[in-house]
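To start, the structure under review is shown below, and the notes come after it.
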Amino acid sequence: MKNYDVIIIGAGPVGLCFSAALSGCGLKIAVIEKQSARAIADPIYDGRDIAVTHFSKQVLDQLGVWQHIPSDQISEIKKAKVLNGTSLYALEFNASDMGKKALGCLVSNHLIRKAAFENIKGLPDVDLITDVTTEEAYSNNLSAHIKLLNGEKLNCQLLVASDGRFSKIRQKMGISAKMQDFGRLIIVCQMELETYHDNVAYECFHYGSTLAVLPLCGNKVSIIMTVYQHEADILMNMPTEQFNTNIEQRFSSKYGKMMLKGERYSYPLTSVYADRFIGQRFALIGDAAVGMHPVTAHGFNFGLAGMHTLSTEIRKAVKLGGSIASQSLLEHYQRAHKRKTKPLYLATNAIAKLFTNDEQPSKFVRDILLKIANRASPLKKMIISTLTKS
Ligand SMILES: Cc1cc2nc3c(=O)[nH]c(=O)nc-3n(C[C@H](O)[C@H](O)[C@H](O)COP(=O)(O)OP(=O)(O)OC[C@H]3O[C@@H](n4cnc5c(N)ncnc54)[C@H](O)[C@@H]3O)c2cc1C
């Protein structure tokens with residue numbers, strides 16, 4: 001039976017970053033991943049282009065991850081506009097209002113994952129164990145234990161699950177979660193534009209669906225649509241030419257010709273909030289703790305913030321010769337992460353519901369809300385500062 005100080009289940013972007021954040025402080029760390037070594041070392045594009053806040057960029061920079069992302073693959077969001085239905089009125093967020101060059105950056109998820117892997121590759125204190133699912137997890141006051149599908153058993157002082165929003169380990173450790181199924185799917189893809197996007201992001205709330213456009217490098221954009229299942233099936237299987245025309249029309253040809261680049265991807269639209277982020281010698285991080293609706297682009301950003309809080313507490317405990325899995329340390333993490341995530345999680349769900357409800361009263365409320373938000377500078381400032389605070 002192998003012994004570690006910390007075992008992390010899931011080598012997604014958050015799990016890999018967490019292992020980097022703990023490396024070098026004298027702990028022996030294992031990261032267990034069910035995907036193949038190749039899929040982790042060289043992940044393929046998965047349709048997700050991630051809006052990264054200034055704080056997240058700083059954390060990735062400190063960890064050494066940012067340096068592994070090719071600079072010509074990072075684009076900036078200078079302005080963001082929110083539109084309601086066919087109204088031309090837009091709620092606007094300007095980076096220059098906060099004295100910043102950009103509201104945030106955009107990087108493809110697979111490049112973040114690749115960079116996070118490159119960053120921990122070969123570290124003597126991190127064992128990356130791939131191609132094996134964690135089947136069992138349990139803990140007591142002395143240690144935590146896992147059993148892998150190949151029968152191997154591992155022990156540790158602290159077990160951390162970063163196995164995604166539908167976390168099996170969360171269940172195994174007896175932690176329930178609130179799930180909200182929005183009854184829709186997200187379709188994501190990249191498209192090339194005839195005209196330049198000026199680094200402006202759009203969130204358009206149409207009838208029954210939402211459409212977001214994120215400016216990528218060159219003339220490319222990331223398209224994110226939330227649609228009903230039946231419409232998703234049609235859009236996913238539509239011939240390319242017809243798909244291009246369909247999307248152009250949704251934008252009233254604002255960008256001129258739009259051309260699909262690569263595949264279309266779809267994701268279920270379910271947000272998740274764990275009832276507890278901790279257990280005995282156990283913590284949840286990333287989507288396993290808080291799985292956000294992507295409309296406010298905060299899932300990965302929250303994941304990084306959480307892993308930063310937990311790793312900082314663990315490093316402090318190591319320095320002081322204390323326990324890395326004490327109840328007080330874990331409770332500190334839970335309190336801080338709940339305080340950071342709960343208000344925006346609830347607000348995001350409420351926004352997502354309001355803006356995809358096409359009853360007349362909802363449309364009216366949306367119009368009013370956008371106008372109030374545009375004028376009520378404290379609210380706007382709060383949103384912008386969440387994005388740009390470093
Ligand atoms: C369309 C879309 C757009 C998004 N846009 C943004 C955005 O703009 N900004 C933003 O901040 N966030 C965004 N997100 C959210 C972001 O992608 C997630 O928050 C982030 O990927 C979560 O990372 P994670 O490491 O917690 O989990 P995951 O990426 O889900 O990784 C979990 C890992 O655990 C592994 N695993 C699972 N179970 C086991 C097991 N039993 N044993 C071993 N391994 C296991 C999996 O194979 C996987 O590698 C978006 C999401 C979507 C779907």
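The values are calculated or read from the model by the stated rules, or taken from the named source; none is laboratory data. Predicted, not measured: the structure shown is a model, and the values here were computed from it. Using ideal geometry, Cβ is built from the backbone for each residue, glycine included, and neighbour counts are taken over all protein chains shown.
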**Request:** Filter region 12-47 down to residues that are out of contact with any Leu (no Cβ under 6 Å at 6 or more places or on another chain) and hydroxyl-bearing (Ser, Thr, Tyr) and give me whichever is farthest from Ile112 (Cα to Cα).
**Result:** Ser36
**Request:** Give region 120-140 a look and list any residue that's away from the ligand (no atom under 15 Å from the Cβ) and either within 17 Å of Lys172 (Cα to Cα) or buried (at least 20 other Cβ atoms within 10 Å of the Cβ) (or both), or say none.
**Result:** Val126, Ser139, Asn140
**Request:** Would you confirm whether any residue within region 248-265 is charged (D, E, K, R) and in a helix (DSSP H, G or I)?
**Result:** yes
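Residue by residue, here is whether (1) touching a residue at least 60 places away in the same chain (Cβ under 8 Å); (2) of a type in the set (A, V, I, L, M, F, W, C); (3) more than 26 Å from Leu103 (Cβ to Cβ) holds:
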position	(1), (2), (3)
Leu185	yes, yes, yes
Val188	yes, yes, no
Glu203	yes, no, no
His230	no, no, yes
Met236	no, yes, yes
**Prompt:** Any idea which residue in region 150-169 is surrounded by the fewest Cβ atoms within 10 Å (Cβ to Cβ), counting only those that are in contact (Cβ under 8 Å) with a residue 40 or more places away in the chain and part of a loop (DSSP other than H, G, I, E, B)?
**Reply:** Glu152
**Request:** Would you check if there is a residue in region 270-281 being within 9 Å of the ligand (Cβ to nearest atom), surrounded by fewer than 24 Cβ atoms within 10 Å (Cβ to Cβ) and either farther than 17 Å from Leu22 by Cβ or not hydrophobic (A, V, I, L, M, F, W, C) (or both)?
**Result:** no
**Message:** Whether any residue in region 323-331 is in a loop (DSSP other than H, G, I, E, B), within 23 Å of Lys168 (Cα to Cα) and within 16 Å of the ligand (Cβ to nearest atom) is what I want to check.
**Reply:** no
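Matching residues to (1) surrounded by fewer than 21 Cβ atoms within 10 Å (Cβ to Cβ); (2) polar (S, T, N, Q):
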{"site": "Val31", "(1), (2)": "no, no"}
{"site": "Ala41", "(1), (2)": "yes, no"}
{"site": "Ala51", "(1), (2)": "no, no"}
{"site": "Gly64", "(1), (2)": "yes, no"}
{"site": "Gln73", "(1), (2)": "yes, yes"}
{"site": "Ile77", "(1), (2)": "no, no"}
**Item:** Filter result for Leu211 (closer than 22 Å to Asp233 by Cβ, within 14 Å of the ligand (Cβ to nearest atom) and either in contact with a helix residue (DSSP H, G or I) (Cβ under 6 Å, 6 or more places away or on another chain) or assigned to a strand (DSSP E or B) (or both))
**Value:** yes
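What about Gln35, is it farther than 19 Å from Arg315 by Cα and among the polar types (S, T, N, Q)?
Spelling it out, Gln35 is indeed farther than 19 Å from Arg315 by Cα and among the polar types (S, T, N, Q).
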**Request:** State whether one or more residues within region 287-307 are assigned to a strand (DSSP E or B), within 12 Å of the chain's Cα centre (by Cα), of a type outside the set (Val, Ile, Thr) and within 8 Å of the ligand (Cβ to nearest atom).
**Result:** yes
**Asked** Somewhere in region 104-118, is a residue away from the ligand (no atom under 15 Å from the Cβ), part of a loop (DSSP other than H, G, I, E, B) and touching a residue at least 12 places away in the same chain (Cβ under 8 Å)?
**Response** no
**Request:** Looking only at region 299-314, decide whether some residue is aromatic (Phe, Trp, Tyr), surrounded by 23 or more Cβ atoms within 10 Å (Cβ to Cβ) and without any contact (Cβ under 8 Å) to a residue 60 or more places away in the chain.
**Result:** yes
**Message:** Just to be sure before I move on: is Ala21 part of a helix (DSSP H, G or I) and near the ligand (Cβ under 10 Å from one of its atoms) in the structure I sent?
**Reply:** no
**Message:** Just checking, does region 34-41 include any residue being away from the ligand (no atom under 16 Å from the Cβ) and either more than 22 Å from the chain's Cα centre (by Cα) or modelled with pLDDT of 95 or more (or both)?
**Reply:** no
**Item:** Scope region 41-68; condition at negative phi and outside any helix (DSSP H, G or I); matching residues
**Value:** Asp42, Pro43, Ile44, Tyr45, Asp46, Arg48, Asp49, Ile50, Ala51, Val52, Thr53, Val65
**Prompt:** Is there any pair linking a residue in region 39-51 that is within 22 Å of Tyr202 (Cβ to Cβ) to one that is more than 7 Å from the ligand (Cβ to nearest atom) and in a loop (DSSP other than H, G, I, E, B), with Cβ under 7 Å and at least six apart or on different chains, and which?
**Reply:** Asp49/Leu216
**Qualifying residue in region 183-201 (condition: in a loop (DSSP other than H, G, I, E, B), within 14 Å of the ligand (Cβ to nearest atom) and out of contact with any Ser or Thr (no Cβ under 8 Å at 6 or more places or on another chain))** = no
